[in-house]
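Worksheet: the structure to be examined is printed underneath.
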Amino acid sequence: MWAYLVAVWQCRNFWLSLVVNDLQLRYRRSVLGVGWSLLHPLAWTLVMGAVFHEIFKQPIRELLPYLLCGLVCWTYLTSAFLQGCQSYIQAENYIRQHPLPLAVYPLRTVLGAMIHFLIAVVLVIVLTAALRGVGRPPEVFSLLLGICIFFLFGWAVTILAGFVNIAFRDTQHIMEVVFQILFYLTPIIYHREYITSRYVGWVLDHNPLAPFVDLIREPLVEGRAPSLACLGAAVAITLVTGLAAAISLGYQQRRVVFYL
Amino acid sequence: MASIELDRAGLTFRVRQQHQLTFKEYLLKGMFRQARNPLFEVRALQDVSLRIGDGERVGVLGSNGSGKSTLLRLLAGVYHPTSGRSTVEGKVSSLFELALGFEMEASGWKNIRFRGYLQGESREGIRRKASEIAEFSGLGDFLKIPARYYSAGMMVRLAFSTATAIEPEILLVDEVLGAGDLAFQQKAKQRLSEMMEQARILVVVSHDLKVLPQLCERGLWLDKGRVRADGPIADVIAAYVDQVGQPAAVAA
């Protein structure tokens, strides 16, 4: 395991240069560059915010940072799952040419998503400060810890999604549908407390993605550490997916090339 | 010190008759799947035993589908033998299918970096060698445009320049040099022979029976995944031509 991570680190020049290239492709040739890519979550937040403000009479200052942060976290999680599906197929060229540790290719995918996420986090901080003043600064330690967990979980997920997609080529298609549904079953555009139905509540409490959203949102927007239950759940889920990713890497390292 | 040793190595592919499996198909046709989309086995290599030592230049020949490319991928470590053993020592650099390892949206300069890093070159090493690689490729200003716009010959120029500049101990070349123009082929031959002066291994697959003797002194004839002949290149080519029964192939 350790030797494997060292091998991944040794070819860092390769995957780092690819990540940089991906980002340049993503942000280039638009007047607003990075800002352009933040327009989507921002527009979503404003629309949702306006609607919720009208219907539920929620104060806009509380609502907007909460919505934006939730959307930003959700975008990261979905891109780990969905783009992760393509991580090996996209890298077929390299896999057929050179025997690098396979985890390198999902790492390229997840780092791209992570950098995009971090840029969006800055936007959340700015928006929160603008609306609520600087009275409630982000809880830095919990936030950094949360981002580390986010990264590890995302990496494990991209590794697994890539493998599943090799076995079943329509995985991404199915996941898009699932995530459409999950979006409403995760407390992103509403607070968990608003849901009073027992059944929906049960689903929300057992949604494996919900702790990850809270993990970032609590320190970032509310300025407090996430609850121990939330942190524990996120760490446990990350460990389980990480373990599954490590096992499948060990099993698939020599086989994937035959199934591409 | 570079060396290649295969001990009764075999490689069996398991492929599906039809396209790749989808989850939908898995659910809908679960019961009939085996009948409609069976797995079957392709024995790409069987019982290949081989020793290649320092300074040897080996030309691999054989008909299409005889396992030549599979052998090179096995040596590169991309495939692992499903039976037997393969031991390859030394820094390997490979030139396989043309588009392999090109990032199509990135410029030629960037692709020099990606290919260099892929083959284990350091950041400092690339910085030192990039201009030399660019010069050898002779691509000039084309290096500034995305690889998507390159012709096959231009890709070969760039790939070959990078693969040989990183000073590999083992160079594997699969049938791609033919895409370069005459001037570049001359340059490439020149460089290969320079490399060989430093006691390194070259394994090249080609159907060009005129070029092979210029590049190699040892020949390896693969037939249906087995080694049919292994020896001095002239003898192996003669045996191959004799068996195929087309002397015209030599004249061409």
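Being in a strand (DSSP E or B) and surrounded by fewer than 16 Cβ atoms within 10 Å (Cβ to Cβ) is the filter here; which residues of region B:61-88 pass it?
B:S83, B:R85, B:T87, listed by residue number.
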Requested in this report: Could you please give the count of residues in region A:215-229 that are crowded, with 19+ Cβ neighbours inside 10 Å and more than 19 Å from A:A129 (Cα to Cα)?
Outcome: 2
Requested in this report: Within region B:101-115, work out how many residues are in contact (Cβ under 8 Å) with a residue 40 or more places away in the chain and within 17 Å of A:Y94 (Cβ to Cβ).
Outcome: 9
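Would you pick out the residues in region A:122-131 that are within 15 Å of A:E218 (Cβ to Cβ) and surrounded by fewer than 21 Cβ atoms within 10 Å (Cβ to Cβ)?
Scanning region A:122-131 gives a single hit, A:I125.
What's the total number of residues in region A:84-117 that are of a type in the set (S, T, N, Q), part of a helix (DSSP H, G or I) and surrounded by fewer than 21 Cβ atoms within 10 Å (Cβ to Cβ)?
Residues of region A:84-117 that are of a type in the set (S, T, N, Q), as a first pass: A:86-87, A:90, A:93, A:97, A:109.
Adding the requirement that they be part of a helix (DSSP H, G or I) leaves A:87, A:90, A:93, A:109.
Among the residues that remain, those that are also surrounded by fewer than 21 Cβ atoms within 10 Å (Cβ to Cβ) are: A:90, A:93.
The number of residues fulfilling the criteria is 2.
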Report summary line: Across region B:116-150, the tally of residues that are more than 9 Å from chain A (Cβ to nearest Cβ), touching a helix residue (DSSP H, G or I) at 6+ places or on another chain (Cβ under 9 Å), touching a residue at least 40 places away in the same chain (Cβ under 8 Å) and part of a helix (DSSP H, G or I) stands at 3
Report summary line: Filtering region B:146-173 for residues that are more than 26 Å from B:L72 (Cβ to Cβ) and surrounded by 15 or more Cβ atoms within 10 Å (Cβ to Cβ) leaves a count of 1
Requested in this report: Examine region A:144-158 for a residue that is more than 15 Å from the chain's Cα centre (by Cα) and assigned to a helix (DSSP H, G or I), and state whether such a residue exists.
Outcome: no
**Report entry** Within region A:1-19, considering residues that are free of Cβ contacts under 8 Å to residues at least 60 places away in the same chain and surrounded by fewer than 15 Cβ atoms within 10 Å (Cβ to Cβ), the one nearest to B:R115 (Cα to Cα)
**Finding:** A:R12
Query raised in the report: Counting only residues that are of a type in the set (D, E), farther than 16 Å from B:V156 by Cα and touching a strand residue (DSSP E or B) at 6+ places or on another chain (Cβ under 9 Å), how many does region B:88-140 have?
Result: 2
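Condition check ((1) in contact (Cβ under 8 Å) with a residue 12 or more places away in the chain; (2) within 14 Å of chain B (Cβ to nearest Cβ); (3) outside any helix (DSSP H, G or I)) across all residues:
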| site | (1), (2), (3) |
| --- | --- |
| A:R169 | no, yes, yes |
| A:F183 | yes, no, no |
| A:T196 | no, no, yes |
| A:P226 | yes, no, yes |
| A:G232 | no, no, no |
| A:A244 | yes, no, no |
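Any residue in region A:38-50 that is under 23 Å from A:W155 (Cα atoms) and away from every other protein chain (no Cβ under 14 Å)? Reasoning before the result, please.
Restricting attention to region A:38-50, the residues satisfying the condition of being under 23 Å from A:W155 (Cα atoms) are A:38, A:41.
Add one more test, that the residue is away from every other protein chain (no Cβ under 14 Å), and what stays is A:38, A:41.
Within region A:38-50, one or more residues are under 23 Å from A:W155 (Cα atoms) and away from every other protein chain (no Cβ under 14 Å).
Computed from the coordinates by the stated procedures, all read-outs in this text should not be read as laboratory data. Note that the coordinates shown come from a computational prediction; the quantities given were computed from them, not determined experimentally. Virtual Cβ from ideal backbone geometry, glycine too; neighbours counted across all protein chains shown.
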